[in-house]
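Just below is one structure, and these are the notes that go with it.
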Ligand code: HEM
């Protein structure tokens, strides 16, 4: 006989594993995939949260501390479970439509997820073109960009068959593209898009379309410099990490793209991408609810951010774009070496860092679960 506790656990785990929106829910946010063989093949891929996970720890690492951990981008990195990092944008395989639906629902519900300071409009266009060109090159079977349409060098035609997007626009004419260039792009790619510019030797976060911030708020942070933004992060300023990060970004060359990984155990033990401060009421009680149901820990999500730094070709603005990946601790059990390493790292982590990351209260349970056979 299946007990109630088992039934709750099975349902919750199934929901955490494979959230899916119906065609009607996708259509409500303008997502209408074409029915081409290429799109069908893309959508038929198996859902896999572990294979493409950018595992954030070198194999021999047993203790984690913050650092300026940057590497050249667009280099495929094999892992124990698969591979990550081949392209600038990881669409997310079969999860792409799910992620994009959640993102568009968030944008529709809250216009404040997009913030653009005065003077940033050219950088937003720069960013849009850079990404659309990259996508058309890396996914030519489903994404297409025509340039110089009808003999006008500023006229473009973008098609994304996976989402059913078919949009013409004119570079520099803000109203020629729905939601403006920054949010339009955010509605096409899983990544949160952030733009940084330099003034008087300091870097400022001057524009962003950010739906999946991990317990911070784009409205609150836009306009801040690197020191202000990282103020809440323990040790960063004191250990000179902010200064080194700023120096790295100021010197970022125009012809090379870099990336960095960040990790956390998410505050909500669900596959909700939107755990921004703005939507705290919709996820703040998830942990308590799942603890009461007795299935919190297997559903705790290792949340990994893959961040890309690009110096944009026309304006020189720098991106800090964040692609969020998640796998539950239960899913991680497929790779015992990862479970052992994560247990060591969580157990050793100093209290101030675990408290900032928000998992101090349940870290002991996480370690025990990861070590249980
Ligand atoms: C090489 C460059 C950078 C490094 C090494 C770096 C490092 C970090 C680290 C270690 C954290 C704490 C994350 C955690 O423990 O979960 C953090 C948080 C954060 N970073 Fe950065 N960062 C860099 C660039 C940037 C840039 C350019 C921006 C903004 C445009 C930014 C925005 C943020 C935000 C919003 C947070 C969350 C702060 C909060 O909790 O309020 N970072 N960063």
Practice task
With a bin width of 20 angstrom, please list the P(r) values of region 4-371 as percents of all Cα-Cα pairs, from the 0 bin to the one holding the largest distance.
Solution key: 28, 60, 12, 0
Problem - Rel. contact order, % - alpha carbon contacts under 8 angstrom, at least six apart, region 4-371 - result: 20
Fill in the blank from the handout: Between residue 75 and residue 277, Cβ-based FRET efficiency (R0 25 Å, step 0.05) works out to 0.15
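For residue 225 and residue 154, what is the calculated FRET efficiency with R₀ set at 45 Å and r taken between the beta-carbons, to the nearest 0.05?
On the way: r = 33 Å, r/R0 = 0.74.
Step by step, r from the Cβ atoms, then E = 0.85.
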Completion exercise
Once normalised by the length of region 152-246, the mean sequence separation of its alpha carbon contacts under 8 Å that are 6 or more apart gives a contact order in percent of 15
Problem - Residues 173, 305, 347 arranged by fewest to most Cβ contacts within 10 Å - result: 173, 347, 305
Handout entry: Ranked packing of 175-185, 362-372, most packed first, by mean Cβ within 10 Å
Key = 175-185, 362-372
Exercise for the section: Between 289, 135, 261, find the one with the highest GNM mean-square fluctuation for the chain; connect C-alpha pairs within less than 10 Å. Expected result: 289
Practice task
Neighbouring Cβ atoms within 10 Å as the yardstick, rank 124, 211 fewest first.
Solution key: 124, 211
Practice task
Round to the nearest 0.05 the FRET efficiency obtained for residue 44 and residue 112 when R0 = 22 Å and r is the Cβ-Cβ distance.
Solution key: 0.05
Exercise for the section: Just rank 290, 159, fewest to most, by other beta-carbon atoms within 10 angstrom. Expected result: 159, 290
Completion exercise
If one compares the long axis through the Cα atoms of helix 121-138 with the longest principal axis of the Cα atoms of the chain, the angle in degrees, nearest 10, works out at 70
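Can you compute the helix-only [θ] at 222 nm over the chain? Use -39500 (n - 2.57) per DSSP H run of at least 4 residues, normalise by all residues, nearest 500 deg cm²/dmol.
Details: 16 runs with 133 residues, N = 373.
Estimated from H runs of four or more residues: -9500 deg cm²/dmol.
Order these peptides, 69-80, 190-201, by their mean beta-carbon neighbour count within 10 angstrom, highest first. Intermediate results must be reported in sequence, preceding the final value.
Details: 69-80: 13.2, 190-201: 18.8.
Final packing ranking: 190-201, 69-80.
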Completion exercise
Tilt, helix 241-250 to longest principal axis of the chain (alpha-carbon atoms), in degrees rounded to tens, equals 20
Completion exercise
the chain, Gaussian network, Cα under 10 Å: of 316, 151, 85, the residue fluctuating most is 151
Practice task
Would you mind checking the tilt of helix 96-109 against the longest principal axis of the Cα atoms of the chain, expressed as 0 to 90 degrees and rounded to 10?
Solution key: 80
Handout entry: Cα→Cβ-extended label distance, 7 Å offset, between residue 371 and residue 352, nm
Key = 2.6
Handout entry: Contact order normalised by residue count of region 71-226, Cα under 8 Å, 6+ apart, percent
Key = 22
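Hey, can you rank 30-38, 57-65, 266-274 by average C-beta count inside 10 Å, highest first? Kindly include the intermediate steps, with their values, before the conclusion.
Details: 30-38: 14.3, 57-65: 11.4, 266-274: 22.3.
Packing proxy ranking, top to bottom: 266-274, 30-38, 57-65.
All of the numbers you see were taken from the coordinates with simple rules; none came from a lab. On a predicted model such as this, the values are computed, not experimentally measured, just so you know. Methodologically, a virtual Cβ is constructed for each residue, glycine included, from the backbone with ideal geometry; neighbour enumeration extends over all protein chains shown.
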